[in-house]
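Peer 1: Structure below; questions to follow.
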Amino acid sequence: MSTYLKNITPKALAIVNNIELERKFTEIVTVHQGIIHKVCGIYCKNDECRKDLFQEIVMQLWRSYPSFRGDSKITTWMYRVALNTAISSFRKQVKKPQEESITGSIYQIPVVSNRYKQEQEEEIQFMYKAIEHLSKIEKAIIMLYLEEHSYEEIAKITGITKTNVGVKINRIKGKLQKILKPVYDEIR
Amino acid sequence: MKLDELKSSWEAFSTQIVEDATVEQTHISKLLKGRADNIIAKIKKSLYIEIAFVAVTSFIFLGMLFKVNDPFMLVYSYAFLIFCIATIVSLVFYYRKLSLFDPHLPNLKSSISGIVTSLQGYVRTYHIINVTIAPFMLVSAFMYSFFNHPEAEEQQAEQQTTLFTNEHIFLLVLLYIVALVVLYFSSKFYMHKLYGVHIASLKECLAELNE
C-alpha cells in the first residue's frame, strides 16, 4: 500500500482530492438544498428563473467552498452566498408590482394546491405576493427572520448592525401590514 | 397583523417549495459541470474578447511596420501599436484584478460593495479606452485618406505647399472634438444600456444596507 501511495503523482493526488472535495460538497448541498430553493422561491417569479438561479447558486457555492474555513455555520455560509448571488444576479430586471395588485394573479406562485386547507393556501399566496412588494434587501431580511434566525445572525449575514436589523424588521412589518391588513380583515 | 403570524404561512410555503423542488445528489454533481453566469464572469468574458481583439489588431499593425514604406502610415502604425499595447496592459491588469476578486466576502454589504466597485471600474476602463483611442484612430484615418489622395499630392507638388495649413489644423482639431464628443456620449450610452440598470439596482441595495 505504501509503495502504491509513493507512486501516485501530485497531479493524480490533486484529482483524487478534488473528487473527494466534490463528493463532500454535493453531500452538503443535497442535505441543505432547502436553503437554496427558498432563496430561489423568494427572488424568482417563474420556474425557469428558479432553475437558472438554483444552478447559479450551486456554482457560486462550489467556487466559494474551498475558501470556507468553517468559522461560521455551514448554513449561514450557504444563506450568505445564496442571497448574494440572488441579489447581484445579472438577470432581466422585473418591475416591482404596484401596491394594489396584491389580489391579481401575475405570479407563478410555487405553491401547489390540495395540500393545505383553502384558507391556509390563500394566506400563503397573499404572503408571497406581499413579500414581492419588498426590496431585494428587505426580502433577504424578512426571509432570515421568518427562518427563525436571530438578529445577530441576520446582522452577520447582511453586514448591518443588530440595531439596524431591528429597525429594518419594524419597517418591513409596517409595509407588510399595510399591504396585508385589508386582505386579512376580509378573510377573518 | 403581527409579523410572527406569517411564520406559519412561511413554514408551509417553504416546506412545499422544498418538497417540490428537491433534487438528487447526482443532479447537483451535474450542475457543477455548467458555466457560471454571474456578473463577474460576464465582465471577464467581455475583457477576454476585448484583449483578444486588441491583440489581433496589434499584430496587424506590427506586420504593417515591416510592409509599409509610407512615412505617414509608419507613424500611424507606431502610434496605434503603442495605444494597443497600453490598452492590452491595462485590460490584462484589470482582468487579473477581477480574477482575484472573491464576490463572496464575509457579508452581503461588503460583497455588493465589491461588485459595484468592480463593475464601475470596468465601465470606466472601457469608457476611457474608447474615448482615448477611437477619436485618434478616426482622425488619423481621415488625415491619411485626405493627404494621400492622388489629387492632393499633385496639388502639393505643384503649389509647393506645406503639409499642414492653418485651415487643415483647424479642421483636424474640429474633427477630433466632434469625434470625441460623439464617442464619449455613444460609449456612455452603450455602457449604461448594458450595465447601467444593474449598477443602479446594486447601488440601491447598498444604500439600503448603509442606511
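Peer 1: Rounding to the nearest 10 and keeping the result within 0 to 90°, find how far the Cα-based axis of helix B:166-191 lies from the longest principal axis of chain B.
Peer 2: Value to nearest ten degrees: 10.
Peer 1: Take the alpha carbon atoms of region B:130-145, find their center, do the same for region B:83-97, and report the distance between the two centers in whole angstrom.
Peer 2: 20
Peer 1: What distance in nm separates the two pseudo spin-label positions at A:R69 and A:R171, each 7 Å out from Cα along the beta-carbon direction?
Peer 2: In this crude label model, A:R69 to A:R171 measures out at 3.3 nm.
Peer 1: Nearest 10 degrees is fine. How inclined is helix B:108-147 to the longest principal axis of chain B, computing both from alpha carbons?
Peer 2: The helix B:108-147 is inclined about 20 degrees to chain B.
Peer 1: Turning to a different aspect of this structure: Would you kindly state the longest site-free stretch of chain B, with sites defined as trypsin sites (Lys or Arg not before Pro) in a DSSP loop (not H, G, I, E, B) surrounded by at most 14 other Cβ atoms within 10 Å?
Peer 2: B:36-211
Peer 1: Report the calculated FRET efficiency for B:M137 and B:F101 (r = Cβ-Cβ distance, R0 = 30 Å), to the nearest 0.05.
Peer 2: Step by step, r from the Cβ atoms, then E = 0.45.
Peer 1: For q values of 0.13, 0.18 Å⁻¹, compute log₁₀ I(q)/I(0) with the Debye formula on a Cα-only model of region B:38-210, without solvent.
Peer 2: -0.78, -1.18
Peer 1: Further question on the same structure: Under the definition of partner shielding as Cβ atoms of other protein chains within 10 Å of a residue Cβ, what is the mean value for peptide A:52-59?
Peer 2: The shielding value for this peptide is 5.
Peer 1: Relative to the present Cα-Cα distance, how much length would full extension add between B:I60 and B:T22 at 0.36 nm per residue of separation?
Peer 2: The span from B:I60 to B:T22 would gain 8.3 nm if fully extended.
Peer 1: How much length would be gained if the chain were fully extended between B:N210 and B:Y144, taking 0.36 nm per residue of separation minus their Cα-Cα distance, in nm to one decimal?
Peer 2: Full extension of this stretch gives 18.4 nm more.
Peer 1: Using only Cα atoms and rounding to the nearest 10 degrees, what angle (0 to 90) does helix B:71-100 make with the longest principal axis of chain B?
Peer 2: The helix B:71-100 is inclined about 10 degrees to chain B.
Peer 1: Using a Förster distance of 41 Å, how high is the FRET efficiency between B:R35 and B:T165, based on the Cβ-Cβ distance and rounded to 0.05?
Peer 2: 0.10
Peer 1: Which order do the peptides A:153-162, B:81-90 take when ranked by the mean count of other beta-carbon atoms within 10 Å per residue, highest first?
Peer 2: By packing density, highest mean first, the sequence is A:153-162, B:81-90.
Peer 1: Ok, one more. Considering the zone a paramagnetic label at B:K7 would reach in this model (a point 7 Å from Cα along the Cα-to-Cβ line), which residues of region A:143-175 have amide N under 14 Å from it?
Peer 2: Of the residues in region A:143-175, A:143-151 have backbone N under 14 Å from the label point off B:K7.
Peer 1: Also: For the charge dipole of region B:38-210, defined by +1 on Lys and Arg C-beta atoms and -1 on Asp and Glu C-beta atoms about the Cα centroid, which residue among B:A200, B:G114, B:F136 has the Cα displaced farthest towards the positive pole?
Peer 2: Value: B:G114.
Peer 1: Please give, to one decimal in nm, the separation of the simple spin-label points placed at A:V16 and B:H127, each 7 Å out from Cα toward the Cβ.
Peer 2: The answer from the label model is 5.4 nm.
Peer 1: Spin-label point model (7 Å from Cα, Cβ direction): what's the B:L194 to B:A52 distance in nm?
Peer 2: For B:L194 paired with B:A52, the spin-label model returns 1.5 nm.
Peer 1: Count, for each residue of B:132-144, the Cβ atoms from other chains sitting within 10 Å of its Cβ, then give me the mean as a whole number. Can you show the working numbers first?
Peer 2: Working: counts 0, 0, 0, 0, 0, 0, 0, 0, 0, 0, 0, 0, 0.
Mean partner-chain Cβ count within 10 Å for B:132-144: 0.
No value in this document is a laboratory result; all are computed from the given coordinates. Being a predicted model, the structure only gives us computed values, none of them experimental. Note: ideal-geometry Cβ built from the backbone for every residue, glycine included; neighbour counts use all protein chains shown.
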